[in-house]
1. Neighbour counts of other C-beta atoms within 10 Å: give me 250, 321 arranged from fewest to most.
2. Can you sort 188, 351 by how many other beta carbons sit within 10 Å, fewest first?
3. Between segment 204-273 and segment 149-190, how many Å separate their Cα centres?
4. Sorted from largest down, give the three principal axis spans of the alpha carbons of segment 241-359, whole angstrom values.
């Protein structure tokens, strides 16, 4: 800024001296005070500097942060059903996370997704990875405000899952969307992307309790639509964790149990879930996965489970996956993986490479 001041002062001084030399016969040197003129110029520069500093400081609050991520997926799928087989395809999704605090203990969070696929022709690979199919469309994926009340934490939001308040006990990093929440997505990972209110409390002993209500129609406890209630109890120890959850979706209830245990070289995650649909038999599903944190420069994950919840009278179908996450640097990870998913009309096998950027 000193150089900036000098550049402004120099032409100002020359501009004052030029008319002085041109009219020397009309004025005397006592009529001109260079020090006074320079002081005025300095004052104006200081004012400009202050306004610039105020603009920079007021652009965002000091507690506001932004994070960005991009997932790029290249994959090929071979299926027994010729109509669903595909050549090599490319999909992407971008995520933006905005977070700020007003009291130092609360948090306002906004998640934004930008899809890279065509809703009418998204590849099987992109669908299996759970990517947003709305090509080029910026979608608000959740607005959540969390704040403390006594010793509890309260979460309210729109397009927010009840499970945002849950502790959970799944340490497996799923490659496919099938494996999310260790196979307990209807109970321990419950959410309907609607209006949600939830509360959680963590005890000093490692126990935690959480519960809430969500409504997919955008209103809680309204006369239309289906309101969903959920509650979870969890315990987290030094090397293990376990979580039990219950969900009531009016005509369907779910029980979910997941747990994790860390060994010296790997961690094991399991999940069990039951679904009790009104006027139907109880359905059951399960998941098991191993994660080896140090295999060369990256980590190896192996998982298998049912593709959903099945009754005793139904044929069960399974999905298997293997993936290797290799961090290139702090902001870039390449994860190749292979999977096979069974279905009534035939098996599907896919080879996918996902590149994740965070910045």
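Coordinate-derived values only; no laboratory data. Everything numeric here is computed off the predicted structure, so don't read it as measured data. We place every Cβ from the backbone using ideal geometry, glycine too, and count neighbours over all the protein chains shown.
1. In order of increasing Cβ crowding within 10 Å: 250, 321.
2. By the 10 Å Cβ count, ascending, the order reads 351, 188.
3. Centre-to-centre distance over Cα atoms comes out at 7 Å.
4. Its Cα atoms span 53, 36, 30 Å along the three principal axes.
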